[in-house]
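Visitor: To start, I am sharing the structure in question, which I have written as structure tokens.
The values are calculated or read from the model by the stated rules, or taken from the named source; none is laboratory data. Just so you know, these numbers come straight off a predicted model, no measurement behind them. Ideal geometry is used to build each Cβ from the backbone, glycine not excepted, and the neighbour counts take in all protein chains shown.
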Amino acid sequence: MPHAPRRATSGSRRYWKNRLLSPYLTIGELHLRLKRRELSCADVAQAALERIRTVDGRVRAFLTVTEEAASRGVAQAEARFRDGTATPLTGIPAAIKDNMCTRGIRTSCGSRMLEDFVPPYNATVVERLQAAGMVMVGKTNMDEFAMGSSTENSAFFPTHNPWDLKRVPGGSSGGSAAAVASGEVAFALGSDTGGSIRQPAGFCSLAGLKPTYGLVPRYGLVAFASSLDQIGPFTRSVADCALVLQAIVGHDLRDSTSIPDQVPDYSRALQTDIKGLRLGMPIEYFPPGLEPGVADVLKQAIGVLEGLGARVEWGISLPSTLYALPTYYIIAPSECSANLARYDGVKYGFSAHGGSNMWEDMEQTRQQGFGPEVKRRIMLGTYALSAGYYDAYYLKAQKVRTLIRRELEVAFERCDALVTPSSPTVPFRLGEKVDDPIQMYLSDIFTIPVNIAGIPALTLPAGFVEGLPVGMQLMGKGLSEETLLRIGHAFQEATDWHQQAPPL
Amino acid sequence: MALTQEEVSHIAKLARLGLSAEDVERMREQLSSILEHFQVLQGLDTSDILPTAYVVPLHSVLREDLSEDSFSPEDILANAPRPEEGYFRVQAVLEE
């Protein structure tokens with residue numbers, strides 16, 4: 001570049017480093033620069049920590065910033081570039097949702113109950129990302145115990161959407177989404193029980209994947225609803241999503257729900273075009289009440305996919321979708337009430353001990369340690385499982401679960417993927433739904449059926465309405481991650497929505 | 001599907017969850033309204049449908065019963081609210 005301004009060496013070096021280190025680089029772009037030694041792992045980690053210092057006061061994505069863990073990660077990553085064992089994730093700054101155990105680093109789950117809990121072990125996904133060479137820079141904010149859709153249920157503070165700081169980032173993995181969207185890290189892990197990765201990915205204009213139930217091991221993930229929970233990545237691009245997924249999938253002896261199958265090569269799946277793929281738009285996901293801007297963005301996005309050779313199958317209807325929300329809000333709280341019975345103030349976590357006997361201590365521990373939404377769900381679940389009501393609620397919900405699953409299986413005989421909005425609205429304002437549990441629950445109406453059926457779904461940026469992100473969700477049959485990533489990647493080759501940066 | 005305060009207090013007891021009088025009333029209103037929304041399921045005929053508990057058809061997973069290293073007592077007790085001489089201290093469980 002002959003006409004580029006040349007200044008003193010140190011100045012121009014800083015100039016180029018800044019150019020090489022935009023906060024919005026993808027994992028793929030960072031990896032190339034690290035491999036070519038244009039940047040060191042220390043440069044990249046320092047830039048991430050600096051970015052956190054600059055913007056996190058406004059975004060509040062992090063509960064804990066782990067500078068020590070980052071510098072240990074940098075030393076290991078540098079060594080791997082030297083000895084030639086670097087992977088695509090080596091030296092890449094990452095954030096982990098605070099419900100995944102990190103040895104020696106507080107794992108609070110967004111709750112007073114675990115405010116001082118320091119796990120003696122790493123979750124399998126953390127172990128695997130460390131083996132791949134990631135540089136962990138922090139643990140992210142979340143709705144308490146992953147129960148919520150806005151991150152306002154965090155016991156500590158709400159997180160703000162980088163696209164509009166007055167609005168929510170979605171939830172429950174809102175901290176992870178905001179950390180990636182604000183350029184603080186290149187990727188993050190979240191967990192998804194009813195949409196907790198896909199809804200915030202849509203709200204923050206990111207790629208977010210909920211893998212097939214059982215694909216990613218959950219050892220070390222704080223349990224919420226065991227038949228629904230899955231871990232997955234938040235990234236800027238779908239190609240990055242494939243890289244992170246590759247690093248965390250695969251059988252784990254410590255998780256009895258882990259699928260023992262051979263793992264495919266996800267990045268390789270991106271190389272095939274989408275000509276002839278059949279896409280369905282289930283009418284229940286495009287109701288008359290859908291926000292007009294969201295509907296328009298989705299129509300345009302589907303037009304792009306058609307232009308790439310995909311075929312739209314008309315007339316797909318999934319009538320049981322209407323029953324998914326009540327089914328979910330019976331199954332998830334029931335399982336939560338059983339899983340959260342372990343917080344008794346004895347072995348770890350918050351403990352009240354002013355009572356006159358053991359039961360009083362336990363009741364006070366749970367009264368003071370849990371926030372309102374967690375209590376609401378424990379109560380709902382305890383009721384649904386209690387004598388006399390089990391058949392009417394939990395068993396009934398499990399039967400409806402079968403109906404919802406079967407209906408999706410039939411749809412996947414006609415379609416390779418279903419295309420829907422990831423949420424019926426653009427990101428809402430902080431405080432807007434916090435006092436109305438049912439309105440809050442409705443914001444997950446398009447993501448919940450996926451968890452009920454155990455299938456995978458990918459959210460990716462589809463456009464904007466007045467500067468606010470709209471997400472597109474692609475659902476596929478069990479273990480169809482390759483197809484979903486392939487469709488998403490083809491869409492991103494043809495559009496630049498995922499390359500937009502928020503006005504931070 | 002309106003719950004009574006007594007029912008709410010009974011559920012709280014089952015869940016070992018302390019609730020203030022205010023909490024009980026707020027919980028009664030909110031749970032009643034949420035349960036109302038569940039009623040739609042009762043209209044579905046599911047008499048011939050088998051329930052789905054887990055979506056992956058995996059069966060009981062067993063491994064060889066081998067002894068291996070585990071956490072040290074110090075590691076485990078590091079998070080205990082009231083550790084004492086290698087134990088978790090609790091109030092008396094058995095009463096006189």
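Visitor: For the range A:93-105, state whether one or more residues are assigned to a loop (DSSP other than H, G, I, E, B), in contact (Cβ under 8 Å) with a residue 60 or more places away in the chain and within 14 Å of chain B (Cβ to nearest Cβ). Can you show your working first?
Guide: First, the residues of the range A:93-105 that are assigned to a loop (DSSP other than H, G, I, E, B): A:98-99, A:101, A:103-104.
If we keep only those that are in contact (Cβ under 8 Å) with a residue 60 or more places away in the chain as well, we get A:98-99, A:101.
Filter once more, keeping what is within 14 Å of chain B (Cβ to nearest Cβ): A:101.
Checked against the condition, which is being assigned to a loop (DSSP other than H, G, I, E, B), in contact (Cβ under 8 Å) with a residue 60 or more places away in the chain and within 14 Å of chain B (Cβ to nearest Cβ), the range A:93-105 yields at least one hit.
Visitor: Output the helices (runs of 4 or more DSSP H) that fall wholly within the range A:270-373 and possess 1 or more residues being in contact with a strand residue (DSSP E or B) (Cβ under 9 Å, 6 or more places away or on another chain) and surrounded by fewer than 22 Cβ atoms within 10 Å (Cβ to Cβ), or say none. Please lay out each step first, then the result.
Guide: On the way: elements: A:292-307, A:321-339, A:358-369.
Per the criteria, A:292-307.
Visitor: Here's a follow-up. Where residues in the range B:17-28 are assigned to a helix (DSSP H, G or I) and either surrounded by 11 or more Cβ atoms within 10 Å (Cβ to Cβ) or over 23 Å from the mean Cα position of the chain (by Cα) (or both), which of them is nearest to the other protein chains (Cβ to nearest Cβ)?
Guide: At the first step, the residues of the range B:17-28 found to be assigned to a helix (DSSP H, G or I) are B:21-28.
Adding the requirement that they be either surrounded by 11 or more Cβ atoms within 10 Å (Cβ to Cβ) or over 23 Å from the mean Cα position of the chain (by Cα) (or both) leaves B:23-28.
Working: B:D23: 8, B:V24: 10, B:E25: 13, B:R26: 8, B:M27: 6, B:R28: 10 Å.
This residue is B:M27.
Visitor: Follow-up. Go over the candidates B:L3, B:L44, B:L14, B:L31 one by one and state the one that is more than 7 Å from every other protein chain (Cβ to nearest Cβ) and among the hydrophobic types (A, V, I, L, M, F, W, C).
Guide: Details: B:L44 fails: more than 7 Å from every other protein chain (Cβ to nearest Cβ); B:L14 fails: more than 7 Å from every other protein chain (Cβ to nearest Cβ); B:L31 fails: more than 7 Å from every other protein chain (Cβ to nearest Cβ).
Sole residue among the options that is more than 7 Å from every other protein chain (Cβ to nearest Cβ) and among the hydrophobic types (A, V, I, L, M, F, W, C): B:L3.
Visitor: Related question: Which members of the range A:397-409 meet the condition of being more than 7 Å from chain B (Cβ to nearest Cβ) and without any contact (Cβ under 8 Å) to a residue 40 or more places away in the chain?
Guide: Across the range A:397-409, the qualifying residue is only A:R406.
Visitor: Would you call B:A78 within 8 Å of chain A (Cβ to nearest Cβ) and among the small types (G, A, S)? Please lay out each step first, then the result.
Guide: Values: within 8 Å of chain A (Cβ to nearest Cβ): yes; among the small types (G, A, S): yes.
Yes; evaluated as a whole, the condition is true for this residue.
Visitor: It is to be established whether one or more residues within the range A:59-80 are buried (at least 16 other Cβ atoms within 10 Å of the Cβ), in contact with a His (Cβ under 8 Å, 6 or more places away or on another chain) and either at pLDDT below 95 or of a type outside the set (D, E, K, R) (or both).
Guide: yes
Visitor: Does the range A:379-396 contain any residue that is within 12 Å of another protein chain (Cβ to nearest Cβ) and under 30 Å from A:G280 (Cβ atoms)?
Guide: So in the range A:379-396, the residues within 12 Å of another protein chain (Cβ to nearest Cβ) come out as A:379-396.
With the extra rule that they be under 30 Å from A:G280 (Cβ atoms), the set shrinks to A:396.
Among the residues of the range A:379-396, at least one is within 12 Å of another protein chain (Cβ to nearest Cβ) and under 30 Å from A:G280 (Cβ atoms), which makes the answer yes.
Visitor: Of the residues A:K347, A:K299, which is at the interface with another protein chain (Cβ under 10 Å from one of its Cβ atoms), among the charged types (D, E, K, R) and free of Cβ contacts under 8 Å to residues at least 12 places away in the same chain? Walk me through how you get there before you give the answer.
Guide: Numbers: A:K299 fails: at the interface with another protein chain (Cβ under 10 Å from one of its Cβ atoms).
Result of the check over A:K347, A:K299: A:K347.
Visitor: Which of (1) of a type outside the set (V, I, T); (2) surrounded by fewer than 24 Cβ atoms within 10 Å (Cβ to Cβ); (3) at positive phi is the odd one out, the single condition A:F156 does not satisfy?
Guide: Going through (1) of a type outside the set (V, I, T); (2) surrounded by fewer than 24 Cβ atoms within 10 Å (Cβ to Cβ); (3) at positive phi one by one, A:F156 breaks only (3).
Visitor: Mind listing whichever residues of the range A:107-126 are aliphatic (A, V, I, L, M) and without any contact (Cβ under 8 Å) to a residue 24 or more places away in the chain? Explain how you work it out, then say what you get.
Guide: In the first step, residues of the range A:107-126 are kept if they are aliphatic (A, V, I, L, M); the result is A:113-114, A:118, A:123, A:125-126.
Residue satisfying the conditions is A:V118 alone.
Visitor: Which of the residues belonging to the range A:374-392 are in a helix (DSSP H, G or I), surrounded by fewer than 16 Cβ atoms within 10 Å (Cβ to Cβ) and of a type outside the set (D, E, K, R)? Spell out the reasoning first.
Guide: We begin by selecting, within the range A:374-392, every residue in a helix (DSSP H, G or I); these are A:374-385, A:391-392.
Then keep just the ones that are surrounded by fewer than 16 Cβ atoms within 10 Å (Cβ to Cβ); that gives A:391-392.
Passing the criteria: only A:A392.
Visitor: Give the residues of the range B:39-62 that are of a type outside the set (A, V, I, L, M), at pLDDT 80 or above and within 21 Å of A:T212 (Cβ to Cβ), sorted by residue number. Reasoning before the result, please.
Guide: Let us first name the residues in the range B:39-62 that are of a type outside the set (A, V, I, L, M), namely B:39, B:42-43, B:45-48, B:51-52, B:54, B:57, B:59-60.
Still in the running and at pLDDT 80 or above: B:39, B:42-43, B:45-48, B:51-52, B:54.
Listed by number, the residues that qualify are B:P51, B:T52, B:Y54.
Visitor: Can you tell me which of A:V470, A:V426 is surrounded by 19 or more Cβ atoms within 10 Å (Cβ to Cβ), more than 14 Å from chain B (Cβ to nearest Cβ) and not in a loop (DSSP other than H, G, I, E, B)? Give the steps one after another, and end with the answer.
Guide: Details: A:V426 fails: not in a loop (DSSP other than H, G, I, E, B).
Only one candidate qualifies: A:V470.
Visitor: Considering every residue within the range A:413-423, establish whether at least one is modelled with pLDDT of 95 or more, more than 9 Å from chain B (Cβ to nearest Cβ) and assigned to a helix (DSSP H, G or I).
Guide: There is at least one residue in the range A:413-423 that is modelled with pLDDT of 95 or more, more than 9 Å from chain B (Cβ to nearest Cβ) and assigned to a helix (DSSP H, G or I).
Visitor: Restricting the search to the range A:455-467, which residues are in a loop (DSSP other than H, G, I, E, B) and buried (at least 21 other Cβ atoms within 10 Å of the Cβ)?
Guide: Restricting attention to the range A:455-467, the residues satisfying the condition of being in a loop (DSSP other than H, G, I, E, B) are A:455-456, A:466-467.
Once the filter is applied, which keeps residues that are in a loop (DSSP other than H, G, I, E, B) and buried (at least 21 other Cβ atoms within 10 Å of the Cβ), the range A:455-467 yields A:I455, A:P456.
Visitor: Checking B:A92 against (1) at the interface with chain A (Cβ under 9 Å from one of its Cβ atoms); (2) closer than 30 Å to A:R406 by Cβ; (3) assigned to a loop (DSSP other than H, G, I, E, B), only one condition comes out false. Which one?
Guide: (2)
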